[in-house]
Structure formats: C-alpha cells, structure tokens
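The values are calculated or read from the model by the stated rules, or taken from the named source; none is laboratory data. This is a predicted model, so every value here is computed, not measured. Neighbour counts are summed over all protein chains in view; Cβ atoms, including those assigned to glycine, are modelled from backbone coordinates with ideal geometry.
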Amino acid sequence: MSYENIQVRTEGGKVGIVTLHRPKALNALNDALMDELGQALMAFDADEAIGCIIITGSEKAFAAGADISAMAKYSFQDVYKKNFISRNWETIRQVRKPVIAAVSGFALGGGCELAMMCDFIIAADNAKFGQPEIKIGVIPGAGGTQRLPLAVGKSKAMDMTLTGRMMDAQEAERAGLVSRVVPVDKLADEALGAALVIAGYSQISVMAAKESVNRAFESGLSDGLLFERRLFHSLFATADQKEGMDAFLNKRAPDFKNA
Ligand code: CO8
C-alpha cells in the first residue's frame with residue numbers, strides 16, 4: 001500500500017510505525033491524511049505479527065492541528081451534515097493493539113487530540129502541547145475538552161483551552177499528560193524500546209489490559225464527545241470562525257466581533 005501523507009514501516013517484525021508526513025504544513029491533519037492513517041492503523045491491527053503501533057511526526061511537528069485551510073471554508077451546514085471528524089478521526093479508537101504517540105515539536109489542536117487518542121504519549125524534550133482553537137474562533141473538536149481534563153485535571157485543562165497557551169514537555173510530564181520525556185534525539189529509540197517490550201508479551205493479555213484501562217478512563221466519554229462535536233459544528237455558523245481562520249491563513253491578527 002502506498003501513501004502520500006504518511007510513511008509506514010515495521011521494526012523487528014513486530015512493531016508498526018506510522019510517520020505523519022506533510023512537512024510543508026507541519027503535518028496539519030487533512031481528510032486525506034486521516035483516511036490514510038486510519039487505513040494504516042487498521043492494517044497493522046489486523047496483522048498478526050504486529051504487537052504494538054507507534055504514531056510519530058517530524059522533529060518540528062507531531063501535528064500542528066486540523067488543516068485550517070480546509071476548515072476555513074466550511075459552514076455549519078457542511079460540518080454538521082458530514083458529522084465532521086467522526087468518520088476518519090475515530091478509526092484509532094477501534095484499534096485493539098496498543099498505540100504509542102511519540103511526540104516531538106508541536107502537538108497542537110487536533111495534533112494534541114490525536115496524541116491523546118493514543119494509549120500513551122512519549123515526548124521529546126522539545127515537545128509543545130496545546131489546544132489553541134480558541135485563537136481561531138472555535139473550540140477543540142476531536143476530544144480535547146474531554147480527554148485533556150481527564151489527563152491533566154480541570155484547572156490546567158481550562159487554562160490551556162481558554163488561553164490557548166502551549167505546555168512544554170516538562171510541564172506535560174508533571175501534569176500527567178505524557179508518560180516519559182527524553183532528549184529529542186532519543187525519542188525514536190525510546191518509543192521503539194517500549195513498543196518492543198509490549199510486543200513481546202501475549203497479544204491477548206496486552207489487548208485485555210488496554211481494554212480494561214480504557215473502560216475506567218472512558219465511561220461517560222461518548223456523551224461528552226458528541227456534546228463537544230455539536231458545539232464545535234455550531235461555531236462554523238459564526239463570523240468569528242471565518243475571521244479567525246482567515247486571519248491565520250493571511251498571517252494577520254484576528255478582529256473578533258463576537259458574532
Ligand atoms: N493548518 C493548516 N496549515 C498549517 C497549520 C494548520 N493547523 N499549522 C501550520 N500550518 C502551515 C502554515 O500555514 C505554514 O504554511 P505556509 O508556509 O504555506 O505559510 C506552514 O504550516 C508553517 O507554519 P508557520 O510558518 O506558521 O510555522 P511557525 O514555526 O512560525 O509556527 C505554529 C508554528 C505555532 C505551529 C503555527 O503554525 C500555528 O500556530 N499553527 C496553527 C496551530 C493551530 O491553531 N492548531 C489548531 C487548528 S484547529 C484544530 O485543530 C481543530 C481540531 C478539531 C477537530 C478536528 C476536525 C477535523
């Protein structure tokens with residue numbers, strides 16, 4: 001299978017690695033990339049030899065968010081009718097084998113949400129996490145308002161979501177968002193080492209452990225995600241969403257009218 005927006009390989013015959021690869025847009029997550037990611041994840045999940053999967057990006061960016069140039073054109077009608085995100089953003093939730101996010105550089109907006117959809121996050125010391133959607137007139141739409149408070153608590157989640165500020169790797173580790181921080185040049189080896197350990201165990205007990213931890217973590221999440229998605233959709237009816245995204249694309253400060 002050949003892909004245009006991701007690169008896929010295996011290590012040691014039992015770890016599947018997906019590298020997000022849209023370097024010119026800091027791995028901004030467009031529909032084509034998310035389709036490919038979903039296909040690659042499902043293929044690894046179905047491959048009996050693979051015991052663990054890693055999703056990673058470049059040194060500069062894991063992913064700088066959903067693709068603003070695509071979203072800028074959408075209306076409320078567009079996003080509501082398509083149920084924007086649920087189709088190809090939720091494939092990762094169907095994967096039964098463990099998925100590790102190996103994050104270097106920016107993990108912002110949908111990029112931070114994608115990392116949080118993984119089972120755990122290993123961060124490079126240059127990683128920066130954030131939910132800056134507020135700056136472009138919307139809110140997180142792929143689970144950020146639900147998973148971030150579960151990961152870091154209400155206060156930090158509110159701070160991040162309302163100010164749009166970034167959290168560095170050290171703060172993310174203290175807050176419990178990431179499981180380990182390593183020097184950027186050691187990230188790939190650290191993630192691979194963890195993945196090989198996991199892939200060395202019984203796939204059945206590994207899947208059961210994952211399923212069981214998720215059970216504790218996810219109760220009530222479906223309602224929260226649907227609630228969040230509908231709010232996210234409704235913001236595409238506002239002038240401020242158009243203004244925020246247009247301002248970003250034209251490299252100017254937004255002039256929000258509260259409308
Ligand atoms: N979408 C589209 N293009 C992007 C994005 C993005 N999210 N982020 C960066 N790019 C592009 C830039 O436009 C630029 O393109 P060009 O070279 O053609 O001008 C290129 O990537 C490089 O970016 P910068 O020049 O801005 O690089 P800097 O190093 O100066 O800055 C930043 C890096 C800080 C990461 C900056 O690019 C930035 O702030 N990016 C936007 C971050 C953001 O707002 N993310 C949230 C997006 S909204 C979102 O994710 C909602 C999720 C909802 C659920 C998902 C639904 C599908």
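Name every residue in the stretch 198-216 that is surrounded by 13 or more Cβ atoms within 10 Å (Cβ to Cβ) and of a type outside the set (Val, Ile, Thr), in order of residue number.
If the condition is that a residue be surrounded by 13 or more Cβ atoms within 10 Å (Cβ to Cβ) and of a type outside the set (Val, Ile, Thr), then 199, 201, 203, 207, 209, 210, 214 are the ones that fit.
Taking only the stretch 237-257 into account, find how many residues are in contact with an Asp or Glu (Cβ under 7 Å, 6 or more places away or on another chain) and either surrounded by 12 or more Cβ atoms within 10 Å (Cβ to Cβ) or within 26 Å of residue 146 (Cβ to Cβ) (or both).
Qualifying residue count, the stretch 237-257: 3.
Would you point out the residue of the stretch 139-161, among those that are part of a loop (DSSP other than H, G, I, E, B) and within 12 Å of the ligand (Cβ to nearest atom), that is farthest from the chain's Cα centre (by Cα)?
It comes out as 139.
Give me the residue from the stretch 42-83 that is charged (D, E, K, R) and farther than 24 Å from residue 124 by Cβ and, out of that set, modelled with the lowest pLDDT.
Going through the qualifying residues, I end up with 82.
Working carefully through the options 164, 224, find the one that is small (Gly, Ala, Ser), within 16 Å of the ligand (Cβ to nearest atom), in contact (Cβ under 8 Å) with a residue 12 or more places away in the chain and touching a strand residue (DSSP E or B) at 6+ places or on another chain (Cβ under 9 Å).
It is 164.
Please go through the stretch 208-259 and pick out each residue that is closer than 22 Å to residue 137 by Cβ and small (Gly, Ala, Ser).
Of everything in the stretch 208-259, those that are closer than 22 Å to residue 137 by Cβ and small (Gly, Ala, Ser) turn out to be 224, 234, 237, 239, 244, 247, 253, 259.
Filtering the stretch 89-99 down to residues that are within 11 Å of the chain's Cα centre (by Cα) and of a type in the set (A, V, I, L, M, F, W, C), which residue is modelled with the highest pLDDT?
It comes out as 92.
Of all residues in the stretch 35-79, how many are over 16 Å from residue 5 (Cα atoms), of a type in the set (Ser, Thr, Tyr) and touching a strand residue (DSSP E or B) at 6+ places or on another chain (Cβ under 7 Å)?
The number of residues fulfilling the criteria is 0.
Just the residues that are closer than 21 Å to residue 97 by Cα and of a type outside the set (Gly, Ala, Ser), please, taken from the stretch 152-186.
Result: 177, 178, 180.
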